Amino acid sequence: MLNTYLELIRIRFLMMLAYRVNYYSGIIIYSLNIGVYYFLWMAIYGDAGSIRDMTAVQMATYIAVAWMSRAFYFNNLDREIAREIRDGTVAVQLIRPYHYLGVKMAQGFGEGLFRLLLFSVPGMAVVSLVFPIELPGIGERWLWFVVSLLIGFVINSQINMFTGLMAFYIMNNEGLIRAKRVIVDLLSGLILPISFYPEWAQRILTYLPFQAISYQPSTILAKGMARGEIAHVLLTQWIWAVVLWIPIQLLWIHARRRLIVQGG
Amino acid sequence: MFYTRLILGYFMQYLKTRLEYRGDFLVQLVTDLLFQGVNLVFILVVFSHTTDLQGWTREEVIFIYGYFLVPFAVFAAFFNLWDFNERYIIRGEMDRVLTRPAHSLLQVILETMAPESLIGAVTGLAVMGWAAMRMDVDWSWYDPLLFLVFVIGGAAVYGGIYITLTSISLFSDSKTDIQPIMYNVGNYGRYPINIYSKVIQFVLTWVLPFAFVGFYPASFLLDDDRWSILAMVTPLVGVVYMGIGITVWNWGIRNYRGAGN
């Protein structure tokens, strides 16, 4: 069974590799985004050495790491699922001997892996030449970052799946997908580290899964965290990753019953 | 006269299709507002940690951002050329356009226009107005006139650059990703230009003049005279870049061979 999913990951990876040229422009776009936020934050820092316990260099590193991580955890599972529901191919998927959502997750991971190797890694190299960022040397921090980022990927994919499955109920959920993307970018800490939000907002955000996607992994790498804190972060991330399966499963079970495919 | 009737006809057609899908319009409206809301949240939160952005106050930065939304909305409404390559070149609709007795670019613009994007201008004006009310902006009688000229100039800069990029499809039918890249460069124009490094300032002024879309005119309206000369050439820059766009387009049309047989 596991082999099936590994094979799905491999195939998606190879499929992406065939269209790799499309990704060079992505590196430029992400670098441009890093650039605009870099200059904005440097202007915000001005002469201040550190704001909210974060130095200017740490902030620059955070921006670069957060955007390059986004290249890994970002995927279009929401669009893919919505499209398969709309055009009816989901019916074919249903009769196959695997879990549809598991397949989607595997495909998303294949895509993520591809982007990590051919997008984030070279992108990070380019960015670290252009901007004065400081990455830690090979060591424990990188390990915890990778673990945390992986769970972040799972959580982001789960949110995507949930949005995609809404297509069972709202036929045209394109707007919902776009709105979700904007909200995730804001609340995950990608454009604004969570520690910069006002206290009340931070308190609300601790009860939401979004910061597990970007803020927590990026902070581990860019700023560093005490061991105990890392353990706490990883634990809450795991809990979210498990808990989020419940609404998705429920939605999936309920939605399957009302599936109507037109034509044959 | 011919063109006036044509534009009117296209507009009526547009209204009919839009009214058929009112839900989509609402969805677009909400997502657009959300997107602009996120940018405002960013500015507001950031200013709880600093008093100024390279000399610009919170209200000024918000004013500049609000101003930027207006020319951008005009651009988004009338130069909606994002899937030109897919629709006109690959699916061959360009051949139909070329057999008709009106200028090809005008036809394409009228067929793809999305005047609902003008809603963004209303948001922009509201944001600008809110910021202006909290500051002592000195309004002269000619400021509204200049505002109009600036907005048209800024939209023309954007439009010219995008027409030039779209024209690439007329020479080669392979897909390019330059448009999304340019979109992200354009975003640099909505913040004060003096936060960027000298190289970027130069590029945003003389190469890809997005600073003329948002920052230069907005700083002039804010009575900051450091960039007033540049603000004044906004319409000229708009004319020049629109001219480049139309020239490249016409050149591309002469070169166009079609994707099929």
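Readers should treat all values here as calculations from the given coordinates under stated rules, not as data from a laboratory. None of the values given here were measured: they were computed from a predicted structure. Here Cβ is always computed from backbone atoms with ideal geometry, including for glycine, and neighbour counts include all displayed protein chains.
Amide H to amide H distances under 5 Å link A:Lys223 with no residue, where only residues 5 or more positions off or on other chains count and H is placed in the peptide plane.
Extending 7 Å from the Cα toward the beta-carbon at both B:Glu93 and A:Asn22 defines two label points whose distance is 2.1 nm. For chymotrypsin sites (Phe, Trp or Tyr not before Pro), the sites in the range B:56-106 that DSSP calls loop and that have at most 16 other Cβ atoms within 10 Å are B:Trp82.
Using R0 = 35 Å, the C-beta based FRET efficiency linking A:Asp87 and B:Ile178 works out to 0.70.
Dipole magnitude for chain B: computed about the Cα centre from +1 point charges on Lys and Arg Cβ and -1 point charges on Asp and Glu Cβ, it is near 820 debye. How far apart, in nanometres, would the label points at B:Met12 and B:Met133 be if each is projected 7 angstrom from Cα along the Cα-to-Cβ direction? Placing both labels 7 Å along Cα→Cβ, they lie 4.1 nm apart. With the cut-off at 29 Å, report for the range A:30-184 the share of all Cα pairs above it, as a whole percent. Roughly 31 percent, once rounded to a whole number. Length gained on full extension, A:Leu129 to A:Arg96: 7.1 nm, using 0.36 nm per residue less the C-alpha separation. The convex hull defined by the C-alpha atoms of the range B:146-234 has an orientation-averaged projected area of 6.0 nm².
For the range B:108-145, backbone nitrogen atoms closer than 20 Å to the point 7 Å from B:Leu29 Cα along Cα-to-C-beta are found at B:113-128.
Applying both filters, DSSP loop and at most 12 other Cβ atoms within 10 Å, to the trypsin sites (Lys or Arg not before Pro) of the range B:209-260 gives B:Arg257.
Available extension along the chain between B:Leu208 and B:Phe171 is 11.2 nm, counting 0.36 nm per residue and deducting the alpha carbon span.
Each Lys and Arg Cβ is given +1 and each Asp and Glu Cβ -1; about its Cα centre, the range A:2-257 then shows a dipole of about 620 debye. Neighbour counts of C-beta atoms inside 10 Å place A:Ser25, A:Ser31 in the sequence A:Ser25, A:Ser31, starting with the fewest.
How large is the Kirkwood hydrodynamic radius of chain B, in angstrom, based on all distinct alpha carbon pairs? Averaging 1/r across every pair of different Cα atoms and inverting gives 19.6 Å. Taking a span of 20 Å or more along the helix axis (Cα atoms) and a mean Kyte-Doolittle hydropathy of at least 0.0 as the rule, the DSSP H helices of chain B that qualify are B:2-20, B:22-46, B:58-78, B:119-133, B:143-171, B:234-255. Length gained on full extension, B:Asp143 to B:Thr247: 34.2 nm, using 0.36 nm per residue less the C-alpha separation. Label positions at B:Leu236 and A:Ile246, each projected 7 Å from the Cα along the C-beta direction, are separated by 6.7 nm.
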